[in-house]
Every structure is written in C-alpha cells, then in structure tokens.
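Here is the structure we will look at.
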Amino acid sequence: GGIPGGGSMGGGRVGGRMMPLPQQQQQQSPYMRRQDMAASSSDIFATPPNKWSENQVRQWLVQAGFGNLQANFARNNVDGMRLMSLSYQDLSGPIAVGDQKTVERVQNAIRSLLPRVHAGLKRKMAANSRDNMGAGSAGGGGGGARGMGGG
C-alpha cells in the first residue's frame, strides 16, 4: 500500500525546488525602488517628518530628488528626528552629501518640511488639551490651591 496523505508531500515545491515567498524577494534591498515608492509615498506624508523611520527618510530623499544620497543617510542611521536636527556640518561632514551647493539644496528641502512638523505638533497639543480638559472637569481641577495655605 501507499503512505496515507502521501499525495500532499512536497506541495510547496515546483519542479523539485522550494519557491520563495514574494515578501522575501522584496526585502533583499534596504532601499526603495521607484515603483514601490509610488504606492507608499502618500503614507509617509501622513506622519509628521520628525516621526519618520529611517526608511521613510530614504523614501523622502528619493521624492525630493536626492535618491543618490540614500546610502549616506542609511550609513548614518538618519531617522526623522535626526533629519530635522541635521546641521550644515552634519551634511557636509559625516553624511557627506557633496559640495556646498548640494548641502544647501538638502538643507532647503529639510526646511520645507518644518511646517508639517509644526502641524503635527498643533494636532497633538489640541488632542492633549481636549484630554486634559476632560480630566479637569472630573473634580481634579482645583487640587493645587487646597494644598497651598494649610499652615
């Protein structure tokens, strides 16, 4: 007789070889390909730039026309927080983006992100003040004054 269930053995094989999953192929390169970026470019802009991951910073570099600098930023682990605090010295020194003109172009592109950082902070502050107002009306609002003059 045959082995029970023997017909399903090797079901993941094609021509005697295991076929890799599609996700495994995509993760071979740490850098985004242009066609991958088209699908995810709107996603990175939903997050304030100072909250971006290193990968989102690299996506932005490509969109801003600095795709050739992805490796420089990756080597220096530049995430959104670091991106927003980069100085002229950082860009011309450790990150080594190129000549003075390129450094200035990258700086201007980073500066253009500042309104989006501020917009993210305003949204966060508005959410926090709504939360705090709710907590204050529950009876904790005047607690500080009672402890002051008890002597």
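Quick notes on this structure:
- Some residue of the stretch 105-113 being in a helix (DSSP H, G or I), in contact (Cβ under 8 Å) with a residue 40 or more places away in the chain and either surrounded by 15 or more Cβ atoms within 10 Å (Cβ to Cβ) or of a type in the set (Ser, Thr, Tyr) (or both): yes
- Qualifying positions in the stretch 83-100 - in a helix (DSSP H, G or I) and surrounded by 14 or more Cβ atoms within 10 Å (Cβ to Cβ): Leu83, Met84, Asp90, Leu91, Ser92
- Among the numbered conditions (1) more than 22 Å from Lys124 (Cα to Cα); (2) surrounded by fewer than 16 Cβ atoms within 10 Å (Cβ to Cβ), the only one that Trp60 does not meet is (2).
Every number here is computed from the coordinates shown, using simple stated rules; none is lab data. Only a predicted model underlies this, so the values are computations on that prediction, with no experimental measurement involved. As a convention, Cβ positions derive from the backbone with ideal geometry for all residues, glycine included, and neighbour counts pool all protein chains shown.
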